[in-house]
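Asker: Sharing a structure below in structure tokens format, with a few things to ask.
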Amino acid sequence: MTAAPAVRSPIPDPVHDPPSTAIVVQLPPQLTPYARTLQRWRAGCEVTVLRDGGETYPAMLAALAAAQRSICFETYILAADATGDRFKAVLMERARAGVAVRVIYDAVGSFGLPEAWVGELREAGCEVIDFNPIAPWRARFRLSHRDHRKTIVVDDRVGFTGGLNIANDYASVEDGGVGWHDMHCRVTGPIVLDLARMFRRTWLRHGGSHYPPVPATAPAGAATGVFLRLLENAQRRQRTTMRRTYLHVIRSARQRVLIQNAYFLPDRGLRRALTKAAARGVDVRIMVPGHSDVRLIEWAALYVLRRLARRGVKIFLWRGVMMHAKTATVDALWSTIGSYNFDAQSRFNNLEATVEILDPATGQTLAASFERDMANAEPFDERAWHRLPWWRKALAYLGYRLRRFL
């Protein structure tokens with residue numbers, strides 16, 4: 001009797017990599033109060049703030065074109081438009097040159113991406129995963145669980161993270177795009193290995209082929225210069241990491257808190273921290289889109305912003321096309337750039353990535369960018385709320401009541 005052929009289990013093999021080391025770094029005294037923990041800070045890094053698609057995309061494409069060994073490419077939205085084609089061409093060229101190219105895109109964020117378009121990547125030698133495909137018949141399927149990260153790692157030496165997806169919406173008007181306002185950053189140094197390890201964990205957990213682990217111990221950098229720390233939330237115990245970090249730095253603020261966030265629906269604890277900071281004399285400013293691509297969040301945010309404005313927080317509404325940034329700087333010493341929004345999806349459902357930055361120069365750069373953006377924003381206060389028509393106020397109240405689902 002012939003034995004039945006073995007059926008391969010769809011469950012990937014468990015990952016047994018050596019754990020990363022929670023290295024404790026001695027921070028300069030002026031920066032220590034802003035660090036919620038002294039663990040996993042990477043010293044001796046470099047960070048370049050990138051504004052909008054006009055600065056971000058050329059920097060990304062140049063790094064990708066220079067890849068010699070590996071490319072790890074992770075994004076929420078990957079569109080088959082002119083911008084997506086620019087990136088696809090570089091990825092395919094590098095794959096044909098022998099570079100190991102691995103791509104993760106989110107199945108919902110990139111909904112409608114043609115299979116033929118993805119097939120061209122695979123035919124060129126790229127390995128591609130669509131994160132959490134829309135398949136309700138699969139075990140443990142959860143539609144709301146999305147990969148909202150936007151990261152690139154090249155040769156484990158150069159990394160990018162921030163708010164920009166790969167689509168024409170984010171490209172500059174000069175390049176034929178819509179010109180959404182967003183922020184990203186380019187990083188080098190030991191922090192890049194943290195980004196590479198984060199990508200690899202996601203890759204293996206969602207069915208990607210096995211490849212050698214990134215070195216568990218980051219190269220030692222001088223305990224000076226720019227200090228970076230990667231924040232992620234893939235594991236259950238990490239779900240509140242970003243919220244707790246924001247709470248800590250807002251409570252530690254002494255002069256200024258500048259926040260730009262695309263989808264701003266903070267919970268009660270964060271609202272309380274912001275109003276308490278304003279009450280003790282901190283200049284708290286928040287900038288959100290005046291016209292959002294998600295209208296219900298725009299309306300719900302007005303209800304929240306009105307309550308903050310009544311308690312001394314200065315609110316600004318961005319004019320023009322969508323503002324998609326997720327940045328903050330506190331006292332021009334602590335900063336963050338990443339994918340994390342102040343909404344329920346980022347807090348409870350999405351995979352997110354953001355970098356904490358302890359560096360006065362980066363803080364001043366982001367503060368200067370915020371001041372520049374104020375020229376294209378209008379203040380929102382109690383009087384502005386009262387000028388709204390009754391139906392806008394009703395929609396704001398309705399949206400606020402639905403905030404847990406936004």
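Asker: Of all residues in the stretch 360-391, which are of a type outside the set (A, V, I, L, M, F, W, C), surrounded by 14 or more Cβ atoms within 10 Å (Cβ to Cβ) and assigned to a helix (DSSP H, G or I)? Reasoning before the result, please.
Answerer: Start the filter on the stretch 360-391 by keeping residues that are of a type outside the set (A, V, I, L, M, F, W, C), which leaves 360, 362-365, 369, 371-373, 376, 378-379, 381-383, 386-387, 389.
Adding the requirement that they be surrounded by 14 or more Cβ atoms within 10 Å (Cβ to Cβ) leaves 360, 362-365, 369, 373, 376, 381.
Residues satisfying the conditions are Pro360, Thr362, Gly363, Gln364, Thr365, Ser369, Asp373.
Asker: Suppose we filter Leu31, Leu27 for residues that are modelled with pLDDT under 95, among the aliphatic types (A, V, I, L, M), under 30 Å from Arg254 (Cβ atoms) and touching a Leu at 6+ places or on another chain (Cβ under 6 Å); which single one remains?
Answerer: Numbers: Leu27 fails: touching a Leu at 6+ places or on another chain (Cβ under 6 Å).
Just one listed residue meets the conditions, Leu31.
Asker: Looking only at the stretch 99-137, which residues are of a type outside the set (A, V, I, L, M, F, W, C) and under 20 Å from Leu351 (Cα atoms)? Before you say what the answer is, go through the steps one by one.
Answerer: Step one: of the stretch 99-137, the residues of a type outside the set (A, V, I, L, M, F, W, C) are 102, 105-106, 109-110, 112, 114-115, 119-120, 122-123, 125, 127, 130, 132-133, 136.
Scanning the stretch 99-137 gives Arg102, Tyr105, Asp106, Gly109, Ser110, Asp130, Asn132, Pro133, Pro136.
Asker: Identify all residues within the stretch 281-311 that are of a type in the set (Val, Ile, Thr), buried (at least 20 other Cβ atoms within 10 Å of the Cβ) and in contact with a Phe, Trp or Tyr (Cβ under 9 Å, 6 or more places away or on another chain); write none if there are none.
Answerer: Ile286, Val288, Ile297, Val304
Asker: Follow-up. Suppose we filter the stretch 40-62 for residues that are free of Cβ contacts under 8 Å to residues at least 60 places away in the same chain and touching a Lys or Arg at 6+ places or on another chain (Cβ under 7 Å); how many remain?
Answerer: Number satisfying all stated conditions: 1.
Asker: Across the stretch 259-302, what is the number of residues that are without any contact (Cβ under 8 Å) to a residue 60 or more places away in the chain, among the aliphatic types (A, V, I, L, M) and assigned to a loop (DSSP other than H, G, I, E, B)?
Answerer: Of the residues in the stretch 259-302, 1 are without any contact (Cβ under 8 Å) to a residue 60 or more places away in the chain, among the aliphatic types (A, V, I, L, M) and assigned to a loop (DSSP other than H, G, I, E, B).
Asker: With the requirement that a residue be out of contact with any Leu (no Cβ under 7 Å at 6 or more places or on another chain) and either farther than 14 Å from Ala79 by Cβ or not assigned by TED's automatic domain parsing to the domain that holds Gly98 (or both), what does the stretch 110-129 give you?
Answerer: The initial filter retains those residues of the stretch 110-129 that are out of contact with any Leu (no Cβ under 7 Å at 6 or more places or on another chain), namely 111-112, 114-120, 122-125, 127, 129.
Answer for the stretch 110-129, where residues must be out of contact with any Leu (no Cβ under 7 Å at 6 or more places or on another chain) and either farther than 14 Å from Ala79 by Cβ or not assigned by TED's automatic domain parsing to the domain that holds Gly98 (or both): Glu115, Ala116, Gly119, Glu120, Arg122, Glu123, Ala124, Gly125, Glu127, Ile129.
Asker: Got a number for residues in the stretch 253-280 being farther than 16 Å from Ile315 by Cα and either surrounded by fewer than 18 Cβ atoms within 10 Å (Cβ to Cβ) or not assigned by TED's automatic domain parsing to the domain that holds Leu317 (or both)? Give the derivation first.
Answerer: Here is the first cut: in the stretch 253-280, the ones farther than 16 Å from Ile315 by Cα are 253-255, 267-269, 280.
With the extra rule that they be either surrounded by fewer than 18 Cβ atoms within 10 Å (Cβ to Cβ) or not assigned by TED's automatic domain parsing to the domain that holds Leu317 (or both), the set shrinks to 254-255, 267-269, 280.
Of the residues in the stretch 253-280, 6 are farther than 16 Å from Ile315 by Cα and either surrounded by fewer than 18 Cβ atoms within 10 Å (Cβ to Cβ) or not assigned by TED's automatic domain parsing to the domain that holds Leu317 (or both).
Asker: For the stretch 385-404, does any single residue satisfy the condition of being modelled with pLDDT of 95 or more and of a type in the set (A, V, I, L, M)? Break it down stepwise before answering.
Answerer: First pass over the stretch 385-404, keeping only residues modelled with pLDDT of 95 or more: none.
Within the stretch 385-404 (the criterion being modelled with pLDDT of 95 or more and of a type in the set (A, V, I, L, M)), the answer is no, since none of the residues qualifies.
Asker: Next question, about the same structure. Which of the residues belonging to the stretch 62-97 are within 22 Å of the chain's Cα centre (by Cα), surrounded by 15 or more Cβ atoms within 10 Å (Cβ to Cβ) and of a type in the set (A, V, I, L, M)?
Answerer: Correct list: Ala63, Leu64, Ile71, Ile77, Leu78, Ala79, Ala80, Leu91.
Each row is one residue, and each column tells you yes or no for (1) over 30 Å from Trp180 (Cβ atoms); (2) of a type in the set (A, V, I, L, M); (3) modelled with pLDDT under 95; (4) assigned by TED's automatic domain parsing to the domain that holds Phe160.
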position	(1), (2), (3), (4)
Ala3	yes, yes, yes, no
Ala22	yes, yes, yes, no
Arg36	yes, no, yes, no
Arg69	yes, no, no, yes
Thr75	no, no, no, yes
Arg86	no, no, no, yes
Tyr105	no, no, no, yes
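Asker: Taking Lys326 as the residue in question, decide whether it is of a type in the set (Lys, Arg), crowded, with 21+ Cβ neighbours inside 10 Å and modelled with pLDDT of 95 or more. Walk me through it before giving the result.
Answerer: On the way: of a type in the set (Lys, Arg): yes; crowded, with 21+ Cβ neighbours inside 10 Å: yes; modelled with pLDDT of 95 or more: yes.
Against the criterion (of a type in the set (Lys, Arg), crowded, with 21+ Cβ neighbours inside 10 Å and modelled with pLDDT of 95 or more), Lys326 qualifies.
Asker: For the stretch 21-35, give me the residue count where each residue is farther than 19 Å from Pro360 by Cβ and surrounded by 15 or more Cβ atoms within 10 Å (Cβ to Cβ). If you could, list the steps in order and put the result at the bottom.
Answerer: Quick first cut of the stretch 21-35, residues farther than 19 Å from Pro360 by Cβ only: 21-24.
Checking the rest, the ones that are also surrounded by 15 or more Cβ atoms within 10 Å (Cβ to Cβ) come to 23.
Looking only at that region, the number is 1.
The values are calculated or read from the model by the stated rules, or taken from the named source; none is laboratory data. Keep in mind the model is a prediction, meaning the values are calculated, not measured. Cβ: placed from backbone, ideal geometry, glycine included. Neighbour counts: every protein chain shown.
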